[in-house]
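Reading through the structure tokens given below for one structure.
The values are calculated or read from the model by the stated rules, or taken from the named source; none is laboratory data. Note that this is a predicted model, so its numbers are computed, not measured. Don't worry about glycine lacking a Cβ; one is built from the backbone with ideal geometry, like all the others, and counts go over all protein chains shown. When the accessible area is computed, the model is the full protein with side chains, heavy atoms only, and any ligands, DNA or RNA have been set aside. Shrake-Rupley method; radii C 1.70, N 1.55, O 1.52, S 1.80 Å.
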Amino acid sequence: MIDHADAPGKKILISGGGRCNFTNIATAPDRFVSANPHFAKSALSRYTPADFIELVEAHGIAWHEKTLGQLFCDGSAKQIVNLLLDECARGAVDLAIGAPITAVGHSDGVFRVSFGTRTEVAPALVIATGGPSIPKMGATGFAYDLARQFGLKVVEPRPALVPLTLGGDEALFQSLSGVATDVVARCGKAAFREAALFTHRGLSGPAILQVSSYWRHGQPIGIDFAPGRAADWLVAAKRAGPRVTLRNTLAAALPTRLADTLAERLPHGGELVTYTDRELGDIAARLADWQFVPNGSEGFAKAEVTVGGIATDGLSSQTMAARTLPGLYAIGEAVDVTGWLGGYNFQWAWASGHAAGIAV
């Protein structure tokens, strides 16, 4: 195993706030983004969250479940890195850490990989170098270079699970930096109910990170600021307190600074009694689908993962092997399979790695 980084598992160490959200018990193929939504089914079905939990427990690692099926170490993400290193030692894996690769070739049925002063030869090569997200941790697009070198197609990579930026008129919301609230965020058919966070550059928080994987430049993002509320909730509020202002009504349901900013952008903002029921219904509808058009994202520097990658139509879903070059495999984030936030991408790494490992 060759890694150009000076230490193994750097991205694992920073995951989950340092506690590594190592899987999600709700893992299912429909929680992954890919040009082929069926590709992940085989690997995921043959190495499940329960299988990885069994391995975690065999190494004596205590864990707990947070919200939405997310599993974390009680201690540190270092425990997962140590688990993987222990498994490597058990399998007599030769680790070459801090070894930038200088050349990769294939001839006479074998692969040749040059790194440092060494060249290794083997009948199989597994591309497990991830995507370009978080380059400060050493991430690069090397997997795509290798794939193209060996005739595999690459689906255009783009940042995923990434904060979105706002400009123009929507820059008004940047004054809310630090404000978080429960929302439903939508992009196309994808919808997620979690927290949204306003930042000095735009929108973040779990709900926004989730929809960012589906977002394309120029698309709107819809935010429901009143999730779970009936369509006539403002009309009901008028009946209960006609002299209460719209701003104060919003402030009872939302963070005060957010209520102020929304009220500034809604009609006249006076007492509820001054609105017709229809006007209040229209305002409730807007609050349930407030449209933002991001002008971009914070890019690979802040993206947790990458959407796109090595095209799945060139790989076997059973073994992760390249269809046109025997002995070549690709796994994990390098492949065009991207999970939701919350441990899904780790589970894809374990499952796809297991599929390739069994085949090799």
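Listing for the model above:
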| read-out | value |
| --- | --- |
| Test: residue in region 84-107 that is in a loop (DSSP other than H, G, I, E, B), hydrophobic (A, V, I, L, M, F, W, C) and within 27 Å of the chain's Cα centre (by Cα) | no |
| Given (1) surrounded by 15 or more Cβ atoms within 10 Å (Cβ to Cβ); (2) free of Cβ contacts under 8 Å to residues at least 24 places away in the same chain, number of the condition Leu125 does not satisfy | (2) |
| Looking only at region 162-199, and only at residues there that are of a type in the set (Asp, Glu) and open to solvent by less than 60 Å² (accessible area, probe 1.4 Å), the one that is modelled with the highest pLDDT | Glu194 |
| Selection count where residues are over 27 Å from Arg31 (Cα atoms) and touching a residue at least 60 places away in the same chain (Cβ under 8 Å), scope region 69-101 | 11 |
| Residue count for region 261-297, restricted to those that are open to solvent by 30 Å² or more (accessible area, probe 1.4 Å) and closer than 30 Å to Phe39 by Cα | 1 |
| Residue within region 130-149 that is open to solvent by 20 Å² or more (accessible area, probe 1.4 Å), assigned to a loop (DSSP other than H, G, I, E, B), more than 24 Å from Ile14 (Cα to Cα) and out of contact with any His (no Cβ under 6 Å at 6 or more places or on another chain) present | no |
| Residue in region 50-57 that is open to solvent by 70 Å² or more (accessible area, probe 1.4 Å), over 21 Å from the mean Cα position of the chain (by Cα), at pLDDT 95 or above and not aromatic (Phe, Trp, Tyr) present | yes |
| Region 323-340: number of residues that are open to solvent by 10 Å² or more (accessible area, probe 1.4 Å), hydrophobic (A, V, I, L, M, F, W, C) and within 28 Å of Val121 (Cβ to Cβ) | 2 |
| Residue within region 136-158 that is among the polar types (S, T, N, Q), closer than 21 Å to Thr319 by Cβ and out of contact with any strand residue (DSSP E or B) (no Cβ under 8 Å at 6 or more places or on another chain) present | no |
